[in-house]
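Q: Quick one: this structure, given as structure tokens, is what I'll be asking you about.
The values are calculated or read from the model by the stated rules, or taken from the named source; none is laboratory data. If you're wondering where the values come from, they're calculated on a predicted model, not measured in any experiment. Cβ placement follows ideal geometry from the backbone for every residue including glycine, while neighbour counts extend to all protein chains displayed. SASA here: full protein model, heavy atoms, side chains in, ligands and nucleic acids out. Shrake-Rupley method; radii C 1.70, N 1.55, O 1.52, S 1.80 Å.
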Amino acid sequence: MASTRSPDGSPPAPRRPAPEEAVNGPNEAVTGLDPARAAEGSAAPGETAPAVVDEAPAEQHSGRSGAAPRPDPDGLPELAAQFEDEKPGRTLTGTVNLLVGAAAVAVGVLALWQVFRPLPQGSKYYLIIFLAGVLPLVFLAYPSGLRLQARRRADQPAGSHARPDAEPPHDRAGPGGEPTHDHVGPGAESTHDHVGPSGEPAHEHAGPQPEERPPAGAEPEPRPVRPGAAGSRSRPTAADWSLAALALVACLYPVLPIPFGSGGGGYDAFLDRQGLLAPADLAMGTVLLLLLLEACRRTTGWILPAVCLLFLGYGYYGGLLPQSWPVAHAGLDFSQLVDAFYNSDSGFYGTPLDVAASYIVLFTIYGAVLDLSGAGRFFVELSSAAFRRSRTAAGRTAVASGFLLGTVSGSGAATTVSIGAVTWPILRRAGYPAERAGGMLAAAGVGAILSPPTLGAAAFIIAEYLGVSYLQVLGWATVPTVLYYLGILLSVEIDARRSGVRAVFVDAASPWRLLGRFGYHFASLVVIIVLLAVGMSATRAVVLATVLAAALSFLDRAHRLTPGRLTAALVGGVRGVLAVTAVCAAAGIITATTTKTGLGPQTAALLLDGARAVTDDPAVVLVLTALLAAVALTLLGLAVPVTASFVIGWVIIGPALLDLGVATPAAAMFVFYFAVLSEASPPTALAAVAAAAVTGGRLVPTMWQTLRYALPAYLIPIAFVITPAGLGLLGIGGPGRILTATLVLALSVAVLAVAAGGWLPGVGPAGTPERVLAALAGVVLLRLEPVSVAIGVGLAVVAVAGVLVRRGSAGRSGGQAGTTAELREVTR
């Protein structure tokens with residue numbers, strides 16, 4: 001789902017480490033609780049807050065000299081926003097902030113009202129009102145960015161590297177007009193009044209090392225500024241206000257009871273003109289089309305608008321293609337296209353927008369409330385406390401934090417930055433190279449989109465397209481999620497042995513004490529599942545869970561949701577859905593064009609013909625089609641946001657899988673997983689880019705490490721489409737099928753981790769022959785048929801035997817350099 005954002009449009013700030021978290025030496029600690037938490041009793045008198053202490057005094061470097069770069073602690077929310085699918089929004093102040101905040105509150109109240117008292121005119125009427133409330137806010141909250149470079153050059157003195165529009169991070173007005181410190185995450189107290197151990201004000205850092213200062217007299221190195229980031233603090237221009245007003249009129253036109261020539265006249269009259277639009281209808285529909293394309297450009301960049309224009313051009317000019325071409329159609333005139341977009345159930349007001357207005361906005365509000373109540377902070381602290389002293393404590397903490405924080409944000413890049421700011425100091429002190437740690441953080445962050453109970457936005461679209469409950473979609477995602485994290489944890493264990501990671505002692509409070517004090521944060525998550533299980537709709541379930549989370553926040557004095565903070569959560573939730581709403585409405589261009597032209601079945605036929613040109617064997621055709629579809633979806637995901645990627649993939653590639661007899665749930669989840677995995681796929685890999693920014697690692701190696709950690713997520717979807725037995729991975733079928741599929745795929749994930757990591761946990765290093773055999777075993781096991789399973793198990797046994805023989809030979813002969821020491825290290 002869409003990432004939860006604070007009222008200023010930025011993602012929720014990760015917990016900023018306390019002053020002790022700047023780890024500068026082997027005996028310094030990384031604390032985990034703030035003074036307010038300590039005062040509340042999370043640590044008993046005389047106990048220290050969670051800390052990370054090296055077990056070995058020797059520093060193990062990550063392959064480069066000097067201090068590793070680290071993110072500016074005051075800019076972590078902006079850092080997360082830079083690497084998400086949507087661009088950073090403006091930081092609004094003063095009257096504009098109050099106006100946008102009031103409009104956002106109105107939209108949030110409307111969304112909540114619709115859950116219990118739906119508008120009598122129907123759901124489409126509600127979608128029109130919702131879009132009318134959201135689209136104008138996009139133009140006020142997101143800068144155009146078109147004249148940013150020219151302004152910067154004009155306003156910036158020669159030789160200056162300062163950001164011309166930057167303002168001090170203090171005294172920015174919040175939704176209620178009170179000053180806020182926008183670099184502090186929602187719900188977190190201002191960190192300027194934190195006091196260090198000596199009683200002096202604490203200067204907190206998110207990174208592992210003190211900042212390197214340039215030599216005296218040297219010009220400071222300019223801070224890199226992402227295009228659009230500097231403009232994020234600019235005020236809306238006259239053009240922005242004009243576009244916002246035009247968007248309001250174009251969106252409300254269908255429901256305004258005012259005649260406009262032969263058009264207008266109210267909602268019923270507008271519906272009666274479906275297929276025969278009046279000139280005013282055509283003009284307003286065209287205006288809304290252009291405004292949505294501009295809104296998408298502002299929030300996600302140029303690529304998605306270009307894709308929409310490509311589909312629009314195909315709908316208009318497709319009739320000019322040679323009719324012998326499979327993708328040719330009879331042709332549509334412009335009025336037919338606008339009618340399909342503006343006055344049909346498959347256009348702007350189709351299923352994607354319905355999902356954004358009915359589900360996503362409510363879950364983003366819930367996420368904002370949960371984060372403001374201190375849940376995100378608790379999840380990280382609990383992860384640290386759970387793995388206090390072990391060789392793999394650092395890696396396990398990062399993975400567990402990613403899984404738990406995913407329940408708050410549901411955004412891969414934001415979760416990566418959040419857990420990285422806290423756990424990278426621990427990983428560095430344990431001896432993880434920056435690139436490997438970055439890959440681990442990115443893979444854990446991507447898992448946030450794959451993990452129940454708050455999957456990505458596309459999961460809600462699956463429920464609507466397939467006509468099933470959201471709980472059923474959660475059930476389909478459960479086993480793949482377990483297998484995904486199994487693969488990451490195995491990779492963590494392997495890397496801890498292979499890389500010589502040393503044990504790290506996390507001096508934290510008891511996890512049971514933390515659960516006893518702050519475990520109530522899990523209550524609202526459990527309530528969602530329980531209410532869905534008893535048959536309640538997802539919308540009502542999440543609203544009731546939000547109310548519960550807000551009520552339970554009063555158990556923590558530092559994070560209680562007062563009316564002002566509750567308003568901030570409502571504003572943050574609505575601002576978090578602005579970009580997703582623009583994407584979902586624009587996705588109607590793609591779905592309507594595909595429906596009108598029949599492009600989906602035509603593309604499916606092309607895909608199948610390509611596979612059948614290689615072989616006529618139905619099983620092989622299915623495998624080849626799945627592989628081609630996986631490549632196509634991965635490439636598509638590199639260009640457009642996850643939600644749009646799923647919509648396009650479902651209408652274009654989904655029919656090909658369905659034509660080959662793949663079950664509908666398997667086909668939908670296949671498209672969903674590969675749409676999501678774009679955040680881990682080179683060369684874009686947004687989560688990996690965010691992780692590299694946190695750790696200071698080299699970008700390309702970080703991407704490849706992310707790919708290695710996330711490998712199971714690429715293979716599991718193929719398993720549940722190439723054979724009917726794969727449905728067991730989705731929880732479909734009897735207990736025997738589900739258990740068998742889970743165990744076989746768990747073995748596949750395990751041997752693939754050995755192949756990728758070059759180490760068999762508990763035994764020792766694996767040579768090239770054993771790694772090749774393990775890789776073959778993992779791939780063969782994906783086909784859940786008796787013969788394939790038997791062959792895969794046999795190959796895995798041979799690979800394990802090879803590692804055992806290698807260990808025995810090394811033990812008798814003294815082994816190669818370092819091997820005996822490695823084996824002793826494993827058996828300690």
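Q: Considering only helices (runs of 4 or more DSSP H) fully contained in region 600-691, which possess at least 1 residues that are among the aromatic types (Phe, Trp, Tyr)?
A: Numbers: elements: 618-639, 642-652, 654-659, 664-676.
Answer list for region 600-691: 642-652, 664-676.
Q: Can you spot a residue in region 330-344 that is open to solvent by less than 10 Å² (accessible area, probe 1.4 Å), in contact with a helix residue (DSSP H, G or I) (Cβ under 9 Å, 6 or more places away or on another chain) and not in a helix (DSSP H, G or I)?
A: At the first step, the residues of region 330-344 found to be open to solvent by less than 10 Å² (accessible area, probe 1.4 Å) are 337-338, 340-343.
If we keep only those that are in contact with a helix residue (DSSP H, G or I) (Cβ under 9 Å, 6 or more places away or on another chain) too, we end up with 337-338, 340-343.
Next, only the ones that are not in a helix (DSSP H, G or I) stay: 343.
Yes: one or more hits.
Q: Residue under question is Ser346, and the condition is that it be farther than 15 Å from Cys584 by Cβ, hydroxyl-bearing (Ser, Thr, Tyr) and out of contact with any Phe, Trp or Tyr (no Cβ under 8 Å at 6 or more places or on another chain); does it hold? Working first, answer last.
A: Working: farther than 15 Å from Cys584 by Cβ: no; hydroxyl-bearing (Ser, Thr, Tyr): yes; out of contact with any Phe, Trp or Tyr (no Cβ under 8 Å at 6 or more places or on another chain): yes.
No.
Q: Please name all residue pairs, on different chains or six or more residues apart, with Cβ atoms under 6 Å, provided the first residue is in region 639-652 and is on the phi < 0 side of the Ramachandran plot and the second residue is crowded, with 24+ Cβ neighbours inside 10 Å and in a loop (DSSP other than H, G, I, E, B).
A: Close Cβ pairs satisfying both conditions: Pro641/Asp85; Val642/Gly456.
Q: Could you pull out the residue among Leu404, Leu441, Leu427 that is within 14 Å of the chain's Cα centre (by Cα) and either over 17 Å from Phe379 (Cβ atoms) or modelled with pLDDT under 85 (or both)?
A: Numbers: Leu441 fails: either over 17 Å from Phe379 (Cβ atoms) or modelled with pLDDT under 85 (or both); Leu427 fails: within 14 Å of the chain's Cα centre (by Cα).
Exactly one residue qualifies, and that residue is Leu404.
Q: Gly318 - would you say it is of a type outside the set (A, V, I, L, M, F, W, C) and either modelled with pLDDT under 90 or open to solvent by 30 Å² or more (accessible area, probe 1.4 Å) (or both)? Don't jump to the end; show me each part of the working.
A: Numbers: of a type outside the set (A, V, I, L, M, F, W, C): yes; either modelled with pLDDT under 90 or open to solvent by 30 Å² or more (accessible area, probe 1.4 Å) (or both): yes.
Considered against the rule, which asks whether it is of a type outside the set (A, V, I, L, M, F, W, C) and either modelled with pLDDT under 90 or open to solvent by 30 Å² or more (accessible area, probe 1.4 Å) (or both), Gly318 comes out as yes.
Q: Examine region 261-269 for a residue that is outside any loop (DSSP other than H, G, I, E, B), under 20 Å from Lys596 (Cβ atoms) and in contact (Cβ under 8 Å) with a residue 40 or more places away in the chain, and state whether such a residue exists. Give the steps one after another, and end with the answer.
A: Of all residues in region 261-269, those outside any loop (DSSP other than H, G, I, E, B) come to 263-264, 267-269.
Cutting the leftovers down to under 20 Å from Lys596 (Cβ atoms) gives us none.
No, region 261-269 contains no residue that is outside any loop (DSSP other than H, G, I, E, B), under 20 Å from Lys596 (Cβ atoms) and in contact (Cβ under 8 Å) with a residue 40 or more places away in the chain.
Q: Would you point out which residue out of Ser373, Ser418 is modelled with pLDDT under 80, within 27 Å of Ala558 (Cβ to Cβ) and of a type in the set (Ser, Thr, Tyr)? Can you show your working first?
A: Numbers: Ser373 fails: modelled with pLDDT under 80.
Checking each option against the conditions leaves just Ser418.
Q: Report yes if Ile590 is assigned to a helix (DSSP H, G or I), in contact (Cβ under 8 Å) with a residue 24 or more places away in the chain and touching a Leu at 6+ places or on another chain (Cβ under 8 Å), otherwise no. Don't jump to the end; show me each part of the working.
A: Working: assigned to a helix (DSSP H, G or I): yes; in contact (Cβ under 8 Å) with a residue 24 or more places away in the chain: yes; touching a Leu at 6+ places or on another chain (Cβ under 8 Å): no.
When the stated conditions are applied, Ile590 does not pass them.
Conditions (1) in contact with an Asp or Glu (Cβ under 9 Å, 6 or more places away or on another chain); (2) closer than 17 Å to Ala549 by Cβ; (3) open to solvent by less than 10 Å² (accessible area, probe 1.4 Å), marked per residue:
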residue: Ala356; (1), (2), (3): no, no, yes
residue: Ala400; (1), (2), (3): no, no, no
residue: Leu404; (1), (2), (3): no, yes, no
residue: Thr423; (1), (2), (3): no, no, yes
